[in-house]
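Trainee: Below is one structure. I have some questions about it.
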Amino acid sequence: MTAYEPVIGLEIHIQLNTKSKIFCSCSADPWEAEPNTQICPVCTGHPGVLPVLNRAAVEKALRLALALGAEVAEVSYFARKNYFYPDLPKGYQISQYDQPLATGGALPLENGRRIRIRRLHLEEDAGKTKREGGRRFVDFNRCGVPLIELVTEPDIRSPEEAAQFLTRLRQLVRWLDVSLGHMERGHIRCDANVSVRPKGSQSLGEKTEIKNVNLIDLLRPAIEQEIQRQIQVLEAGGQIEAWTLEWDEHQRVLRKMRGKETEADYRYFWEPDLLPIVVDRAWLEEVAAELPELPWEREKRFQEEYGLPEYDARVLTTERALADYFEAAVKAYGGSPKAVANLVINHILRLMNEQRLTWDDLRVTPERLAAILRLVDQGVIHKNAAKKLIPLVQERDQEPKVVVEAEGMAQMQDTAALEALCARIVEAHPEEAAKYRAGKKGLLGWFVGQVMRETRGKANPQEVQAILRRLLGE
């Protein structure tokens, strides 16, 4: 690859999380429904029916456009995109063509580069086909589900950047409550346009299109494989043909589907059954006023305001609910934000992952997490006990102090009794004590372990260490 430079552009379809479809009142999330049960004459294209535009779909698209810094058109139009697949009952798809909802804008990557957006428009989804027992079945449930199609400029220069863009975009649409973003359910589907050119060249090579890569971890190898194939063809003196390719995720290979369609193949014309979308200034200002702080802005603020390392700030802003939880806990605690971050990242997220909890399921509220940290600060429990306390609070849905008392988790407060116990353990192990005094300082941890076992973890390890060092003559 040293002599060539990849040039990559992405076309991404984002399923909106509206309650109903874009042009009718059928459910817009038919994932678990039986085939062909979430349909009506409108979304299945029966003669004589008329589509009615879903305002919520337009507002979600405006929200994403404004977050990306795109220019929203005052007037945009729907068009008919004509093609004939079994899962497209009307024989055309209602989309937008020459006058889309928004153009321009950019999405910043973690490496600092900004990937420009060419266009963002609304359209309806098609159905699904499935092969089973030698026959082909069609499920129209997905017909009419609202989609945003987002097209980038050919600014991406590596498979890793493509994956990073898709990761960032998924984070953003979930953050803005535009889409649920479950890629395994097809809420985000990505086509990659890939070409290569000699390094230093400004002209674009012939591109191929990789269709419907639905997982970020599959996007990297699919693009990498196509880059290598194109380089091999050019090195052998051949020419790149404009193919449409399909990624086989099981065998992890690309296969040719068909020659790539051109815009002329679709015979676009304006949709006669729908009025244009008119976005006046008042509507746009209303949507803009409701935009939250964006994830990369919040990540930067977490570093500046709370003094968090870059890694912590990035993890805590992967989801808006997570960032809100962290800030609420910091406010309730009033102490070190880093201490809060450590518990959230290392223990709250682990608990949620292991028990498959949603934020609504979490009983360790920000206030309860703050109470756990205060118990540590007050010396009631050791910080190691905090990680054991978190799942107990979740299980019992009780205040941390109540759980500590019920479980007898409080640290020993009787210093005289602790000193007597340490002395007894040192006297009971004269050989180990002699080795420690002879220079084998690592045995201090062994002595601490003996004390902690005797006290069932209730002793303060720092206090135990100080007593043992004194008894061992250090």
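Trainee: Among the residues of segment 42-55, are any crowded, with 21+ Cβ neighbours inside 10 Å, within 22 Å of Leu120 (Cβ to Cβ) and of a type outside the set (S, T, N, Q)?
Mentor: Our first condition is that a residue be crowded, with 21+ Cβ neighbours inside 10 Å; within segment 42-55, this holds for 43, 54.
So of that shortlist, the ones also within 22 Å of Leu120 (Cβ to Cβ) come out as 54.
Add one more test, that the residue is of a type outside the set (S, T, N, Q), and what stays is none.
No, segment 42-55 contains no residue that is crowded, with 21+ Cβ neighbours inside 10 Å, within 22 Å of Leu120 (Cβ to Cβ) and of a type outside the set (S, T, N, Q).
Trainee: Name the single residue, out of those in segment 63-84 being hydroxyl-bearing (Ser, Thr, Tyr) and surrounded by 15 or more Cβ atoms within 10 Å (Cβ to Cβ), that is farthest from Leu291 (Cα to Cα). Let's see the steps before the verdict.
Mentor: Just the residues of segment 63-84 that are hydroxyl-bearing (Ser, Thr, Tyr), to begin with: 76-77, 83.
Next, from what is left, pick out any that are surrounded by 15 or more Cβ atoms within 10 Å (Cβ to Cβ): 76-77.
Working: Ser76: 22, Tyr77: 25 Å.
Restricting to residues being hydroxyl-bearing (Ser, Thr, Tyr) and surrounded by 15 or more Cβ atoms within 10 Å (Cβ to Cβ), the top hit is Tyr77.
Trainee: Same structure again: Restricted to segment 274-290, and to residues that are of a type outside the set (Val, Ile, Thr) and surrounded by 13 or more Cβ atoms within 10 Å (Cβ to Cβ), which residue is farthest from His46 (Cα to Cα)? Even if it seems obvious, please write down each step before you answer.
Mentor: We begin by selecting, within segment 274-290, every residue of a type outside the set (Val, Ile, Thr); these are 274-276, 280-286, 288-290.
Right, trim to surrounded by 13 or more Cβ atoms within 10 Å (Cβ to Cβ) and you get 274, 276, 283-284, 288.
On the way: Leu274: 16, Pro276: 22, Trp283: 33, Leu284: 34, Ala288: 38 Å.
Top of the filtered list is Ala288.
Trainee: For segment 39-74, which residues satisfy the criterion of being touching a Ser or Thr at 6+ places or on another chain (Cβ under 9 Å) and among the polar types (S, T, N, Q)?
Mentor: Asn54
Trainee: Then there's this: Would you check which residues across segment 352-392 are buried (at least 17 other Cβ atoms within 10 Å of the Cβ), under 22 Å from Tyr311 (Cβ atoms) and in contact (Cβ under 8 Å) with a residue 24 or more places away in the chain and list them?
Mentor: Scanning segment 352-392 gives Pro366, Leu369, Leu373, Ala386, Ile390.
Trainee: Can you go through Ala385, Ala332, Ala341 and tell me which one is more than 26 Å from Glu463 (Cβ to Cβ) and over 26 Å from the mean Cα position of the chain (by Cα)?
Mentor: Ala332
Trainee: Follow-up question, since we're still on this one. Hey, can you tell me all the residues within segment 412-433 that are at pLDDT 85 or above and hydrophobic (A, V, I, L, M, F, W, C)?
Mentor: Matches in segment 412-433: Ala420, Ala423, Ile425, Val426, Ala428, Ala433.
Trainee: Within segment 159-178, is even one residue in the same structural domain as Arg116 (by TED's automatic domain parsing) and modelled with pLDDT under 90?
Mentor: Keep residues of segment 159-178 that are in the same structural domain as Arg116 (by TED's automatic domain parsing), which gives 159-178.
With the extra rule that they be modelled with pLDDT under 90, the set shrinks to none.
No: zero hits.
Trainee: Considering segment 370-387 alone, what residues qualify as being assigned to a helix (DSSP H, G or I), β-branched (Val, Ile, Thr) and over 16 Å from His347 (Cβ atoms)? Walk me through it before giving the result.
Mentor: Initial filter on segment 370-387 (assigned to a helix (DSSP H, G or I)): 370-377, 383-387.
Narrowing the set further to residues that are β-branched (Val, Ile, Thr) leaves 372, 376.
Selection gives nothing.
Trainee: Restricting to segment 172-186, what's the tally of residues that are of a type outside the set (A, V, I, L, M), within 17 Å of Glu319 (Cβ to Cβ) and in contact with a Lys or Arg (Cβ under 9 Å, 6 or more places away or on another chain)?
Mentor: 5
Trainee: When the residues of segment 204-236 are narrowed to those that are small (Gly, Ala, Ser) and closer than 13 Å to Ile8 by Cα, which ends up surrounded by the most Cβ atoms within 10 Å (Cβ to Cβ)?
Mentor: By that ranking, first place goes to Ala222.
Trainee: Within segment 326-366, can you find the residues that are farther than 17 Å from Leu392 by Cβ and either not assigned by TED's automatic domain parsing to the domain that holds Leu308 or not in a helix (DSSP H, G or I) (or both)?
Mentor: Gly334, Gly335, Ser336, Arg356, Thr358, Trp359, Asp360
Trainee: Tell me yes or no: at least one residue of segment 397-405 is closer than 16 Å to Met452 by Cβ and in contact with a helix residue (DSSP H, G or I) (Cβ under 7 Å, 6 or more places away or on another chain). First the steps, then the outcome.
Mentor: Initially, segment 397-405 is screened for residues closer than 16 Å to Met452 by Cβ, giving none.
Within segment 397-405, none of the residues are closer than 16 Å to Met452 by Cβ and in contact with a helix residue (DSSP H, G or I) (Cβ under 7 Å, 6 or more places away or on another chain).
Trainee: Looking only at segment 393-406, filter to residues that are closer than 19 Å to Asn342 by Cα and of a type outside the set (S, T, N, Q); which one of those is surrounded by the fewest Cβ atoms within 10 Å (Cβ to Cβ)? Steps first, please.
Mentor: Here is the first cut: in segment 393-406, the residues closer than 19 Å to Asn342 by Cα are 393-394, 400.
If we keep only those that are of a type outside the set (S, T, N, Q) too, we end up with 393, 400.
Details: Val393: 22, Pro400: 25.
Once the filter is applied, the top-ranked residue is Val393.
Trainee: Which of the following residues is over 52 Å from the mean Cα position of the chain (by Cα) and surrounded by fewer than 16 Cβ atoms within 10 Å (Cβ to Cβ): Arg424, Arg469?
Mentor: Values: Arg469 fails: over 52 Å from the mean Cα position of the chain (by Cα).
Sole residue among the options that is over 52 Å from the mean Cα position of the chain (by Cα) and surrounded by fewer than 16 Cβ atoms within 10 Å (Cβ to Cβ): Arg424.
Trainee: Quick check on this structure: which one of Gly104, Gly45 is within 28 Å of the chain's Cα centre (by Cα) and assigned by TED's automatic domain parsing to the domain that holds Thr152?
Mentor: Values: Gly45 fails: within 28 Å of the chain's Cα centre (by Cα).
Every option except Gly104 fails the conditions.
Trainee: Conditions first: (1) among the small types (Gly, Ala, Ser); (2) under 18 Å from the mean Cα position of the chain (by Cα); (3) crowded, with 21+ Cβ neighbours inside 10 Å; (4) more than 15 Å from Glu319 (Cβ to Cβ). Ala192 passes all but one, so which condition is the exception?
Mentor: Only one criterion is unmet by Ala192, namely (2).
Trainee: Could you pull out the residue among Glu419, Glu427, Glu431, Glu407 that is among the charged types (D, E, K, R) and under 19 Å from Val364 (Cβ atoms)?
Mentor: On the way: Glu419 fails: under 19 Å from Val364 (Cβ atoms); Glu427 fails: under 19 Å from Val364 (Cβ atoms); Glu431 fails: under 19 Å from Val364 (Cβ atoms).
Within the list Glu419, Glu427, Glu431, Glu407, the selection yields Glu407.
Trainee: If you don't mind, another one. Quick check on my filter: what residues within segment 98-124 are in a loop (DSSP other than H, G, I, E, B), buried (at least 20 other Cβ atoms within 10 Å of the Cβ) and touching a residue at least 60 places away in the same chain (Cβ under 8 Å)? Show your work before the answer.
Mentor: Restricting attention to segment 98-124, the residues satisfying the condition of being in a loop (DSSP other than H, G, I, E, B) are 98-101, 104-105, 109-113.
Subsequent filtering for residues that are buried (at least 20 other Cβ atoms within 10 Å of the Cβ) retains 100-101, 105.
Once the filter is applied, which keeps residues that are in a loop (DSSP other than H, G, I, E, B), buried (at least 20 other Cβ atoms within 10 Å of the Cβ) and touching a residue at least 60 places away in the same chain (Cβ under 8 Å), segment 98-124 yields only Leu101.
Trainee: Also: Does at least one position in segment 14-23 carry a residue that is without any contact (Cβ under 8 Å) to a residue 12 or more places away in the chain and of a type outside the set (Gly, Ala, Ser)?
Mentor: At the first step, the residues of segment 14-23 found to be without any contact (Cβ under 8 Å) to a residue 12 or more places away in the chain are none.
No; the residues of segment 14-23 include none that is without any contact (Cβ under 8 Å) to a residue 12 or more places away in the chain and of a type outside the set (Gly, Ala, Ser).
Trainee: Among the residues of segment 441-451, which ones are farther than 13 Å from Glu419 by Cβ and touching a helix residue (DSSP H, G or I) at 6+ places or on another chain (Cβ under 7 Å)? Don't jump to the end; show me each part of the working.
Mentor: Residues of segment 441-451 farther than 13 Å from Glu419 by Cβ: 441-450.
Leu443, Leu444, Trp446, Phe447, Val448, Gln450, listed by residue number.
Trainee: Which condition does Tyr92 not pass, out of (1) under 29 Å from Arg174 (Cβ atoms); (2) in contact with a helix residue (DSSP H, G or I) (Cβ under 9 Å, 6 or more places away or on another chain), if it passes all the others?
Mentor: Tyr92 satisfies every listed condition except (1).
Trainee: Please state which one of Ala288, Ala323 is of a type in the set (A, V, I, L, M), part of a helix (DSSP H, G or I) and either free of Cβ contacts under 8 Å to residues at least 40 places away in the same chain or farther than 26 Å from Val52 by Cα (or both).
Mentor: Working: Ala288 fails: either free of Cβ contacts under 8 Å to residues at least 40 places away in the same chain or farther than 26 Å from Val52 by Cα (or both).
Criteria check complete, one pass: Ala323.
The values are calculated or read from the model by the stated rules, or taken from the named source; none is laboratory data. The shown structure was predicted, so the numbers you read here are calculated from the model rather than taken from an experiment. Glycine gets a Cβ as well: all are built from the backbone with ideal geometry, and neighbour counts include every protein chain shown.
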